[in-house]
1. What ranking of Phe39, Phe52 emerges when the number of other C-beta atoms within 10 Å of each C-beta is taken as an exposure proxy, fewest first?
2. Mind checking the full-extension length gain between Lys54 and Ile74? Use 0.36 nm per residue of separation minus the Cα-Cα distance, one decimal, nm.
3. Do any trypsin sites (Lys or Arg not before Pro) in region 1-78 lie in a DSSP loop with no more than 16 other beta carbon atoms within 10 Å, and if so, which?
4. Among the GluC sites (Glu not before Pro) in region 11-70, which ones are in a DSSP loop with at most 15 other Cβ atoms within 10 Å of the Cβ? Mind listing them?
5. Could you work out the local net charge near Lys2, counting Lys and Arg as +1, Asp and Glu as -1, over the other residues with Cβ closer than 15 Å to its Cβ?
Amino acid sequence: MKVGVVYAIPTRQSWLTIDVPEGTTVKQAIEKSGILHQFPEIDLETQKVGIFGKSTTLDAVIEEGARIEIYRPITADPKTVKRRAKEGGEGAEG
C-alpha cells in the first residue's frame, strides 16, 4: 500500500511516497522512507507525529493513503510570540 511521509523546515520540505505492507506502523514507515537520512535532526523520541493533522503514536498501524507528518518542536511559546508581535507593531506606528 502507498503512504506519504512529510517533514518540513522553513527552508526545505520533503514529501516522500513509499510502498509498505499492511500492518506497517508509523515508525516503520518513517524509517523505510529514508527521511531520517535527509533530515538527521529529526528525533523520533521527542518529536510528535501525526496522520492527516491528527496526533498519533509511533506504534499506530497505518492505512492505505495515509500522510504521516513529523512535526518540528515548538521553539517559542505562541502566547509570547503574539505579545511580541503586538508590541513590535505598536512601536512601529508611534
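Read the figures in this text as sums done on the coordinates, not as results from a lab. Every value quoted in this text rests on a predicted model; they were computed, and no experiment measured them. Heads up, the Cβs are rebuilt from the backbone with ideal geometry, glycines too, and the neighbour counts pull from every protein chain shown.
1. By the 10 Å Cβ count, ascending, the order reads Phe52, Phe39.
2. Details: separation 20, 0.36 × 20 = 7.20 nm, distance 1.64 nm.
Full extension from Lys54 to Ile74 adds 5.6 nm.
3. On the way: sites: Lys2, Arg12, Lys27, Lys32, Lys48, Lys54, Arg67; in loops: Lys48.
Within region 1-78, the qualifying trypsin sites (Lys or Arg not before Pro) (loop, at most 16 other Cβ atoms within 10 Å) are Lys48.
4. Values: sites: Glu22, Glu31, Glu41, Glu45, Glu63, Glu64, Glu69; in loops: Glu22, Glu41, Glu45, Glu63, Glu64.
Qualifying residues, ordered by number: Glu22, Glu41, Glu45, Glu63, Glu64.
5. -2
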